[in-house]
Amino acid sequence: MRGGAYAEVRRGGTSVEAVPRDDTGAAVDVPPAVRRVVSLVPSLTETVAATAPALLVGATDWCSHPPGLDVTRVRGTKNPDLERIGSLRPDVVLANFEENREPDIEALRAAGVPVWVTVIRTVDEALASLHRVLTEACRVPRPGWLDDAASAWRQVAPGRRRRAVVPVWRRPWMVVGRDTFTGDVLARLGVDNLYGGHPERYPKVPLDRLVAAGPDLVVLPDEPYRFTAGDGPESFPGVEAALVSGRHLTWYGPSLVEAPAVLSAQLGRAAG
């Protein structure tokens, strides 16, 4: 992650103001007072809603937390309605390098909309990036829940180490690969991803190869594919299966506070 620096300057009259850089290193010219935020990432929507809800004016159709969120919907993470986003006159749009497409980000920037892009592949990156999203992109004070999240992850005591495959889709089967936030979360909880060294971040792997890899455990989240007790474990006979909360496994907002306890309990209930 290359962000964290104030590099370019914006001059207005005789004043000089440093412009912050996002996680990709791009300078983002957010105003000194941010009043209107559009989020294209469910985790970041929940992050802002938990901290400064009055700022949110738009979010994707997939932004499901907090429940009952009443803002303008701008379609999905991969197909945002750019015209509608522009009509909301956002001071900043929040995006993520993995969830959002570069052409959409560049189109918004070309229209004069500041876009702050996050790069999050580990818990530590999440904690640092969320701090900057709030304090630099949204211009609000650091919230107490972010300190609680940092404390919760410092206190994690990994359980017995197990080797796992972590499907995120089936038909075709796709699993968590290298360099992912999900993989780091599991590693901290004692679960080593068997495909953590794969060249791809989310490779498609046939089921027979997943089984032949010899996992001790299969971790089955309820999103993006909704694995259930009757849809998933039967494909891995004789292997312990843990049904886990996809939000706590893959989201990096306020859910980070509860994630260590929630996921540890769910991993502990794995059944063969």
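Would you mention how many residues in segment 241-271 are open to solvent by 30 Å² or more (accessible area, probe 1.4 Å), touching a helix residue (DSSP H, G or I) at 6+ places or on another chain (Cβ under 9 Å) and more than 16 Å from Ala187 (Cα to Cα)?
Total satisfying the criteria: 5.
Please verify whether segment 140-150 includes one or more residues that are under 23 Å from Ala95 (Cα atoms), surrounded by 14 or more Cβ atoms within 10 Å (Cβ to Cβ) and in contact with a strand residue (DSSP E or B) (Cβ under 8 Å, 6 or more places away or on another chain).
No, segment 140-150 contains no residue that is under 23 Å from Ala95 (Cα atoms), surrounded by 14 or more Cβ atoms within 10 Å (Cβ to Cβ) and in contact with a strand residue (DSSP E or B) (Cβ under 8 Å, 6 or more places away or on another chain).
Listed residues Ser87, Ser64; which is within 18 Å of the chain's Cα centre (by Cα), surrounded by fewer than 17 Cβ atoms within 10 Å (Cβ to Cβ) and farther than 18 Å from Val140 by Cβ?
None of the others qualify; the one that does is Ser64.
Within segment 191-201, how many residues are surrounded by fewer than 18 Cβ atoms within 10 Å (Cβ to Cβ) and either in contact with a His (Cβ under 7 Å, 6 or more places away or on another chain) or under 19 Å from Arg247 (Cα atoms) (or both)?
1
Quick one: in segment 20-40, of everything that is in a strand (DSSP E or B), in contact with a helix residue (DSSP H, G or I) (Cβ under 8 Å, 6 or more places away or on another chain) and of a type outside the set (Ser, Thr, Tyr), which residue is modelled with the lowest pLDDT?
Within segment 20-40, the match that is modelled with the lowest pLDDT is Pro20.
List, please: which pairs have Cβ atoms under 6 Å, are six or more places apart or on different chains, and start with a residue in segment 92-114 that is under 12 Å from Val41 (Cβ atoms) and in contact (Cβ under 8 Å) with a residue 24 or more places away in the chain and end with one that is among the β-branched types (Val, Ile, Thr) and not in a loop (DSSP other than H, G, I, E, B)?
Pairs that qualify, where the first residue is under 12 Å from Val41 (Cβ atoms) and in contact (Cβ under 8 Å) with a residue 24 or more places away in the chain and the partner is among the β-branched types (Val, Ile, Thr) and not in a loop (DSSP other than H, G, I, E, B), are Val93/Val38; Val93/Val115; Ala95/Ile105; Ala95/Val115; Ala95/Val117; Asn96/Thr118; Phe97/Val117.
The values are calculated or read from the model by the stated rules, or taken from the named source; none is laboratory data. All values reported here derive from a predicted model rather than from experimental measurement. Cβ: placed from backbone, ideal geometry, glycine included. Neighbour counts: every protein chain shown. Side chains are part of the model used for accessible areas, which takes the heavy atoms of the whole protein and leaves out ligands, DNA and RNA. Shrake-Rupley method; radii C 1.70, N 1.55, O 1.52, S 1.80 Å.
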